[in-house]
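Enquirer: This is the structure I want to talk about, given as structure tokens.
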Amino acid sequence: MNRKILIFFLIILSIFLCFIWFRGGNFLGSGEEGLSLYYPERTARLYRYAWFETGLGFSIPVYLPRITFFGLATFLNNIFPVWLVQAGSFWFLIFIDVLGMYLLTKMLTRSEKIALVSLIFYFLNLYSQSQVWERFLYAGMFAWAYLPLFLFLWIRWLREKKIVWLAILLLTLLFFSNIFGMPADAFTFWVPVGILTIFELFRKKRNFQGILDLGFYSLIVPVLWMLTNIWWIYPYFKLGRASFSEISSWQANFDSLRGVSQYFPTDQIFLLRQSFLFGKDSLFYNFYSQPLVIGVSILILLIVVFGILTSRKEKYWLYLVTLLFIGWFISKGSNPPFGHQFYHWLFSTFPLTSVLRNPYEKLGIILLLPYSIFFALGVGWIYKRLKPKIREIVVGIVLVLSCGVLVWPMWTGDLYKSARVRVPDYYEQANQFLNQDKTDGRVLMLPIIPGDGVRYFWGYQGVEPSEFLFDKPSISKILRTKYADEKYMRLYDAFVNDKSYNQLLDEMNIKYLVLHNDLDTEISGASSSTQTKIILDKNPEISLIERIGELEIYEFKGNKDGSLFEVRGEDPPVLSYEKLSPARYRVQIGNARPRFDLIFKSTFNELWETKIDGKKLDEHFLVYDYANAWRIDRIGDYNIDIVFKVWPWE
């Protein structure tokens, strides 16, 4: 009964924390995640295809695994306000974390008390605060919550070999596919179970049949996982190499790793801190720089050491210590010992592993999980050696300091003080106004920013969020994709230096321009709204058509049809087209004469394939420095099928 009451208390406590974070009914939006959950239905439409329509279009496979989460959020948003959907999602993740950590630790240690202490600490610690919740990436939150449950289900499957455990494992992996929206999380999950399986195989080294059975039952999970998740895994591997190589080379990623590694040397990692997020530029620096607060972190580390030293005889000890060691080694990045050499070899030999360029953030939970269990074991060791009259008091003080005082911003809600936002109503009004135009003309957001970060006076600061606020494809920021960014920066240069830009607008299929008077241009690195307005007013091809709140909507008269397709030649044919999806179009050609160019105003990619009567067109080339074009010699009337070919049968 006491156990049930305590678990119930922890569930209520997590609900209490979520309502502190979401007090006032505010939505949380910040950082790289931006406002992706603000209109989940719109986001689900964006993430549904391998071709992402934001900007001039680009291929990015990492959004596909997120469909399960945003699909469910869309359903819930039809019933509840979006802030409550977000709050409920946070509570659910905390619940899964509490459940998984309790089940895993109890199974390993055979102690309910140790399990309860470990789940409290795994939830309320400096790593979870800074790298999970403050970092504010949904994939990272999902990974943190699901890893303990994943390990528990894996162990139960290997031990009992019951179909029910396999089914639960596969179903939860399917539901939590959002985790793999961060490619590094593939390592976060399969490394711990891989190490665990190796230990189990070693224990059966004299039982050949046992080794064969264990190998079979171990392999069946990733095989079935790949089959049940093929809808995103195949495009992931098909598109991944090209997509990530366009962003940067392995050398650039290694240089990035070296740059960030200065913030998580070994002494910081074992205190579960990170020098940047707890440094002088941190909102909470004054609190976390106090000697008493630092002393609490050192106390926690000492308790973990006690836990390691006093549990050496337990059969799970070697596995947890190995996991702790590997978690530390990969989390410390290029720091010594051997960090520089290891990652240089890894990135240069296996370029796809460059997704680990921020390892403490991405892989730190591999360290945190055994760290939390050893902390609980250390607390248990202290408890047993104290007199009965004071043991509860001492342990209570330790937990209050470790999971209360040390993570005080989580309890007060100040963790999200700058992330609470209310998007003004005029954004949805502007979206509805633009939606009256049924063409595919794009929208340029002004003033143009030279990167991807913005701050709005209504409270939002993070990655520019226009794709989540407008249905029409918006050109608003750098996307770190080949061709499109170069074109975008040419447009930026034209506006900043007052050069002619009409031809660029036409080539990029921009029909509308939205001037944001609510943008903090100084922090966003953009020209002022007043300067941008002067440039627009001088252009006879640009006209102001609507003012909605702090937004001014302009129309580019030179692009009346807003068409993604164009024909170019001496006697071009008649053209019309049907958009079947962002990754599939059907173009109707009428009265064609020999030799003309069909231009598709979307970012050039070799996977855009064009067919006439099932026959592929081979002359595919770059135009306008970013777009696709095909040379066509066929005469008469016919249809052209254009598809972003990911699957072999497309």
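Enquirer: As I understand it, the value is the acute angle between the Cα axis of helix 425-435 and the longest principal axis of the Cα atoms of the chain; what does it come to in degrees, rounded to 10?
Expert: 40 degrees
Enquirer: When the distances between all Cα atoms of the range 499-629 are binned every 10 Å from zero, what whole-number percent does each bin get?
Expert: 10, 33, 28, 19, 9, 1
Enquirer: How far apart, in nm, are the 7 Å Cα→Cβ label points at residue 322 and residue 201?
Expert: Roughly 1.1 nm, to one decimal.
Enquirer: Right, next: When the Cα centres of the range 577-650 and the range 120-165 are compared, how far apart do they sit, in Å?
Expert: What the calculation gives is 46 Å, centre to centre.
Enquirer: What translational diffusion coefficient, to the nearest whole µm²/s, does the range 423-556 have by Stokes-Einstein, given a Kirkwood radius computed over alpha-carbon pairs, a temperature of 20 °C and 1.002 mPa s viscosity?
Expert: The estimated diffusion coefficient comes to 144 µm²/s.
Enquirer: Still on this structure: Run the helix sum for the chain: -39,500 (n - 2.57) per DSSP H stretch of 4+ residues, divided by residue count, reported at 222 nm to the nearest 500 deg cm²/dmol.
Expert: -16000 deg cm²/dmol
Enquirer: Give me the Å³ per residue figure for the convex hull around the C-alpha atoms of the range 82-181.
Expert: 103 Å³
Enquirer: State, to one decimal in nm, how far the label point of residue 220 lies from the label point of residue 538, with both points 7 Å from Cα in the Cβ direction.
Expert: For residue 220 paired with residue 538, the spin-label model returns 7.2 nm.
Enquirer: Rounded to whole Å and sorted largest first, list the principal axis extents of the Cα atoms in the range 219-321.
Expert: 51, 43, 23
Enquirer: Okay, next question. What is the local net charge at residue 184, summed over the other residues whose Cβ is closer than 11 Å to its Cβ (Lys, Arg +1; Asp, Glu -1)?
Expert: That works out to 0.
Enquirer: Taking R0 as 45 Å, what FRET efficiency do you get between residue 486 and residue 20 from their Cβ-Cβ distance, rounded to the nearest 0.05?
Expert: Taking R0 as 45 Å, the efficiency between residue 486 and residue 20 is 0.50.
Enquirer: Which value, in nm² and rounded to one decimal, describes the direction-averaged projected area of the C-alpha convex hull of the range 330-388?
Expert: 5.2 nm²
Enquirer: Hand me the trypsin sites (Lys or Arg not before Pro) from the range 435-477 located in a DSSP loop with no more than 16 other Cβ atoms within 10 Å, in residue order please.
Expert: Listed in order of number, the matching sites are 438.
Enquirer: Does anyone have the angle between helix 339-349 and the longest principal axis of the chain? Alpha-carbon axes, 0 to 90°, nearest 10?
Expert: Its long axis makes an angle of about 40 degrees.
Enquirer: What does the extension gain come out to for residue 267 and residue 209, with contour length at 0.36 nm per residue minus their alpha carbon separation?
Expert: So the chain would gain 16.4 nm between residue 267 and residue 209.
Enquirer: Calculate the tail of P(r) for the range 525-581: the fraction of all Cα-Cα distances greater than 13 Å, expressed in %.
Expert: For the range 525-581, the share of Cα pairs beyond 13 Å comes to 74 percent.
Enquirer: Sticking with this one: When 410, 226 are ordered from fewest to most other Cβ atoms inside 10 Å of their Cβ, what list results?
Expert: Placing the least packed residue first, the sequence is 226, 410.
Enquirer: Could you name the lysines in cross-link range of residue 560, using Cα to Cα under 21 Å and dropping any fewer than eight places away on the same chain?
Expert: 438, 472, 511, 538, 579, 601
Enquirer: Write down the radius of gyration of the range 418-459 and its Dmax, each obtained from C-alpha positions, in Å.
Expert: When restricted to the Cα atoms of the range 418-459, Rg and Dmax are 13.1, 38 Å.
Enquirer: What full-extension length gain, to one decimal in nm, is calculated for residue 606 and residue 593 as 0.36 nm per residue of separation minus the Cα-Cα distance?
Expert: Length difference between fully extended and current span is 2.1 nm.
Enquirer: Tell me the chymotrypsin sites (Phe, Trp or Tyr not before Pro) within the range 274-310 that lie in a loop according to DSSP and have at most 15 other beta-carbon atoms within 10 Å.
Expert: 276
Enquirer: By how many degrees, between 0 and 90 and to the nearest 10, does the Cα long axis of helix 484-496 differ from the longest principal axis of the chain?
Expert: 70 degrees
Enquirer: Ok, one more. Roughly what % of DSSP beta bridges within the chain run antiparallel, to the nearest 5?
Expert: 85 percent
Enquirer: Below 8 Å between Cα atoms, with a sequence gap of 6+, how large is the relative contact order for the range 2-416 in percent?
Expert: The value is 21 percent.
Enquirer: Taking one equal scatterer on every alpha-carbon of the range 3-71, how large is log10 of I(q)/I(0) by Debye at q = 0.17, 0.23, 0.26, 0.28 1/Å?
Expert: Normalising to I(0) and taking log10 leaves -0.77, -1.00, -1.13, -1.20.
Enquirer: Which ordering of 471, 571 is given by a fewest-first count of other beta-carbon atoms within 10 Å?
Expert: Lowest to highest Cβ neighbour count: 571, 471.
Enquirer: Let me ask you something else. Would you please put 134-141, 122-129, 9-16 in order of how densely packed they are, using the mean number of other Cβ atoms within 10 angstrom per residue and starting with the highest?
Expert: 122-129, 134-141, 9-16
Enquirer: Something else now. Tell me, in nm to one decimal, what length is gained between residue 80 and residue 422 on full extension, where the rule is 0.36 nm per residue of separation less the Cα-Cα distance?
Expert: 121.5 nm
Enquirer: Return the distance in nm (one decimal) between the two label points of a simple spin-label model at residue 338 and residue 635, each offset 7 Å from Cα along Cα→Cβ.
Expert: Computed distance between label sites residue 338 and residue 635 equals 7.2 nm.
Enquirer: Here's something else I'd like to know. Over the Cα atoms, compute the radius of gyration (one decimal) and Dmax (the largest Cα-Cα distance, rounded to a whole number) for the range 27-67, in Å.
Expert: Both quantities, over Cα of the range 27-67: 10.5, 29 Å.
Enquirer: Right, here's the next one. Taking other Cβ within 10 Å of each residue's Cβ, how do 172, 530, 603 sort, fewest first?
Expert: Starting with the residue having the fewest Cβ neighbours, the order is 530, 172, 603.
Enquirer: So which trypsin sites (Lys or Arg not before Pro) in the range 307-361 end up in coil per DSSP with only 10 or fewer other C-beta atoms within 10 Å?
Expert: Taking the range 307-361 and a limit of 10 other Cβ atoms within 10 Å, the loop trypsin sites (Lys or Arg not before Pro) found are 312, 313, 315.
Enquirer: Work out, in µm²/s and without decimals, the Stokes-Einstein translational diffusion coefficient of the chain at 25 °C, 0.890 mPa s, Rh from Kirkwood over C-alpha pairs.
Expert: 90 µm²/s
Enquirer: Just how far, in whole angstrom, is the range 348-424 from the range 191-234 if you go by their alpha carbon centroids?
Expert: The range 191-234 and the range 348-424 have Cα centres spaced 30 Å from each other.
Enquirer: Shifting gears a bit: Taking only the alpha-carbon positions of the range 565-644 and ignoring solvent, what does the Debye formula give for the base-10 log of I(q)/I(0) at q = 0.12, 0.24, 0.26 Å⁻¹?
Expert: -0.28, -1.25, -1.48
Coordinate-derived values only; no laboratory data. Note that the coordinates shown come from a computational prediction; the quantities given were computed from them, not determined experimentally. Positions of Cβ are backbone-derived with ideal geometry, glycine not excepted, and every protein chain shown enters the neighbour counts.
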